[in-house]
Amino acid sequence: MSLYSRIKSLSAGLMLAGLFSTSFSALYAQGLGNSPYSVLGLGESYSDAFAPSQSMGEAGSSVSNGIHINNLNPALWVRNRYTTFEFGTIGQYKQIASTTATQRDLGANLAYLAIAFPAAPKWTLGFSLKPYSFVDFESRTTAKVPGTIYDAYYYYTGRGAVNKAAFTNAFQIGKYLSLGLETSYLFGNVKRSSESQLLIGDGKDYLVSRNERTSYADVSFRGGAALRFPLKKDNKLNLNLGGSYSFGTNLNARQTTSFDLTQSSFPIGQPDTLTNNAQGSVYLPSQYRMGVSLEWPFRFTIAADYEHQSWGAFRSFANTNDGFANSNKIHIGAEYIPRFTSTRYLDLAAYRVGFTHGKSPYSPAGNQINDTSVSMGITLPIGRGGNSFTLSFIGGQRGVISNQAIRERYGRVLLGLSLTDVWFVKQRID
């Protein structure tokens, strides 16, 4: 192994050690800013797509160039024939508008951390850690207490996250078919509280608080398959088909609920625990994604995906549906590399654009909300050996302003880092 390769391997190892030591605290940090719809279910879901796929409108469950990890389909991990480290962060700016108010918000978080390495010529193993969903909402209202002359403030807040640690096995079966299985461990906790403050005056204000803490932990599975058909000799043009299926799962949950009464910040009596570590479950519905793409390797790729998740079957800890409806989305994207063998730096970059449109699972007053976005991005090589830096931009809108719904306009930025190296190769001495 050359001195350059040894330095790169050591740097990658030190980076991963630092990232793993801080990733759990990062995952529990702020989500992506205030999200009113995260009051429902397990909160706002994160995409499984890494930065390169995000800039293609999350299209690409059928194709992978083997340089970056494609997390849309577990079967595509086998295309990574070199040990690959992936790290990504995400930031979001959002404008939230209702019929009476407008709010702007910012948020950022770790997007993903992953490693893939070939265990055998046709077998790749992988590990990843990423947020699965987050809860981050706050609302305040003022109203008269019925039958009295007093006003009351009502506060509703929620914070927390569910995280996903995954182990992936991917195999190449023959020339054209690859299969993969992702085994995930979902874990985390969410805190929700509702407070009512009665304004009497003269130091006699009362605050009634109901606090709820729910912890989640369980295993889920996702399978995938991908086919690559050469349309021209020497793989100069390929037709790709692929898809993945996430199995529905009952996520084990424990919930503790308490009740507090204070006057002018002083407690009145002891806090009352309504439920203590009550056991239950949350049902996460199945999801499938299928796609098709045309690929001119390391030149041009165009891809289209269809995604469906049966959110109508969702069941909360209280065995309610929370008003969810089945969601469907289409994803379209393209990638272009001017000249992979060029000596000009910008000819080696990968340029991507994408489009996503579909129904979100939220349906206030029975009207399901549309979510539409466009995306673009660039991957820039770093030195030798396939290392690269990816910058992705996504802008979109979810919902419209009405008496029952709000409109969210958002802009997201993803930063992705990819490092590759050769592991488990026996050295030969001539």
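Looking across segment 17-60, the residues that are assigned to a helix (DSSP H, G or I), open to solvent by 20 Å² or more (accessible area, probe 1.4 Å) and modelled with pLDDT under 50 come down to 17, 18, 19, 20, 21, 22, 24, 25, 26. Restricting attention to segment 154-163, and to residues there that are open to solvent by less than 10 Å² (accessible area, probe 1.4 Å) and within 16 Å of the chain's Cα centre (by Cα), which single residue is farthest from residue 213 (Cα to Cα)? Looking at residues that are open to solvent by less than 10 Å² (accessible area, probe 1.4 Å) and within 16 Å of the chain's Cα centre (by Cα), I get 163. Note on segment 232-248: among residues that are open to solvent by 40 Å² or more (accessible area, probe 1.4 Å) and in contact (Cβ under 8 Å) with a residue 40 or more places away in the chain, the one that is nearest to residue 270 (Cα to Cα) is 245.
Residue-level check: of (1) among the charged types (D, E, K, R); (2) over 24 Å from the mean Cα position of the chain (by Cα); (3) within 20 Å of residue 191 (Cα to Cα); (4) at pLDDT 90 or above, residue 272 misses just (4).
All of 336, 345, 410 fail the test of being of a type in the set (Phe, Trp, Tyr), touching a residue at least 24 places away in the same chain (Cβ under 8 Å) and either closer than 25 Å to residue 109 by Cβ or buried (at least 16 other Cβ atoms within 10 Å of the Cβ) (or both), apart from 410. Condition check: under 30 Å from residue 153 (Cα atoms), touching a Gly at 6+ places or on another chain (Cβ under 6 Å) and not aliphatic (A, V, I, L, M). Does residue 211 satisfy that? The answer is no for residue 211. In this structure, residue 90 does satisfy being assigned to a strand (DSSP E or B), within 30 Å of residue 137 (Cβ to Cβ) and either open to solvent by less than 10 Å² (accessible area, probe 1.4 Å) or touching a residue at least 24 places away in the same chain (Cβ under 8 Å) (or both).
The residues of segment 286-315 that are under 21 Å from the mean Cα position of the chain (by Cα), under 29 Å from residue 79 (Cα atoms) and open to solvent by less than 60 Å² (accessible area, probe 1.4 Å), listed by number, are 286, 287, 289, 291, 303, 304, 305, 307, 308, 309. Per the conditions (1) touching an Asp or Glu at 6+ places or on another chain (Cβ under 9 Å); (2) at pLDDT 95 or above; (3) open to solvent by 40 Å² or more (accessible area, probe 1.4 Å), the sole criterion not satisfied by residue 350 is (3). Scanning segment 380-397 for residues that are closer than 21 Å to residue 92 by Cβ, open to solvent by less than 40 Å² (accessible area, probe 1.4 Å) and not small (Gly, Ala, Ser) turns up 390, 394.
Here residue 245 clears all of (1) modelled with pLDDT under 95; (2) under 21 Å from residue 218 (Cβ atoms) except the condition numbered (1). Of everything in segment 249-279 that's open to solvent by less than 30 Å² (accessible area, probe 1.4 Å) and out of contact with any Leu (no Cβ under 7 Å at 6 or more places or on another chain), which residue is nearest to residue 208 (Cα to Cα)? The selected residue is 255.
Under the condition of being open to solvent by 20 Å² or more (accessible area, probe 1.4 Å) and among the charged types (D, E, K, R), the residues counted in segment 61-87 number 2.
Being under 30 Å from the mean Cα position of the chain (by Cα) and farther than 28 Å from residue 282 by Cα is the filter; apply it to segment 164-208 and report the residue that is surrounded by the most Cβ atoms within 10 Å (Cβ to Cβ).
The first filter runs over segment 164-208 and keeps only residues under 30 Å from the mean Cα position of the chain (by Cα), leaving 164-173, 176-194.
Cutting the leftovers down to farther than 28 Å from residue 282 by Cα gives us 170-173, 176-179.
Details: 170: 27, 171: 16, 172: 20, 173: 12, 176: 14, 177: 14, 178: 25, 179: 16.
By that ranking, first place goes to 170.
Taking first residues from segment 39-50 that are free of Cβ contacts under 8 Å to residues at least 40 places away in the same chain and partners that are surrounded by fewer than 23 Cβ atoms within 10 Å (Cβ to Cβ), no Cβ contact under 6 Å between residues at least 6 apart in sequence or on separate chains turns up.
If you take the residues of segment 120-153 that are over 29 Å from residue 183 (Cα atoms) and modelled with pLDDT of 85 or more, which of them is most open to solvent (accessible area, probe 1.4 Å)? Walk me through it before giving the result.
First, the residues of segment 120-153 that are over 29 Å from residue 183 (Cα atoms): 137-153.
Next, from what is left, pick out any that are modelled with pLDDT of 85 or more: 137-138.
Values: 137: 17, 138: 80 Å².
The qualifying residue most open to solvent (accessible area, probe 1.4 Å) is 138.
Can we say residue 318 is open to solvent by 60 Å² or more (accessible area, probe 1.4 Å) and more than 25 Å from residue 377 (Cβ to Cβ)? Even if it seems obvious, please write down each step before you answer.
Details: open to solvent by 60 Å² or more (accessible area, probe 1.4 Å): yes; more than 25 Å from residue 377 (Cβ to Cβ): yes.
Spelling it out, residue 318 is indeed open to solvent by 60 Å² or more (accessible area, probe 1.4 Å) and more than 25 Å from residue 377 (Cβ to Cβ).
From the list 318, 303, 350, exactly one residue is closer than 30 Å to residue 251 by Cα and in contact with a Gly (Cβ under 9 Å, 6 or more places away or on another chain). Which is it? Even if it seems obvious, please write down each step before you answer.
Working: 303 fails: closer than 30 Å to residue 251 by Cα; 350 fails: closer than 30 Å to residue 251 by Cα.
Of 318, 303, 350, the one residue that is closer than 30 Å to residue 251 by Cα and in contact with a Gly (Cβ under 9 Å, 6 or more places away or on another chain) is 318.
For the structure I just gave you, tell me whether residue 325 is farther than 28 Å from residue 158 by Cα, aliphatic (A, V, I, L, M), crowded, with 17+ Cβ neighbours inside 10 Å and under 27 Å from the mean Cα position of the chain (by Cα). Considered against the rule, which asks whether it is farther than 28 Å from residue 158 by Cα, aliphatic (A, V, I, L, M), crowded, with 17+ Cβ neighbours inside 10 Å and under 27 Å from the mean Cα position of the chain (by Cα), residue 325 comes out as no.
Taking the options 137, 171, 187, 167, name whichever one is farther than 24 Å from residue 222 by Cα, aromatic (Phe, Trp, Tyr) and either assigned to a strand (DSSP E or B) or free of Cβ contacts under 8 Å to residues at least 40 places away in the same chain (or both).
Exactly one residue qualifies, and that residue is 137.
The values are calculated or read from the model by the stated rules, or taken from the named source; none is laboratory data. Note that this is a predicted model, so its numbers are computed, not measured. Don't worry about glycine lacking a Cβ; one is built from the backbone with ideal geometry, like all the others, and counts go over all protein chains shown. Side chains included, ligands, DNA and RNA excluded: accessible areas come from the protein's heavy atoms. Shrake-Rupley method; radii C 1.70, N 1.55, O 1.52, S 1.80 Å.
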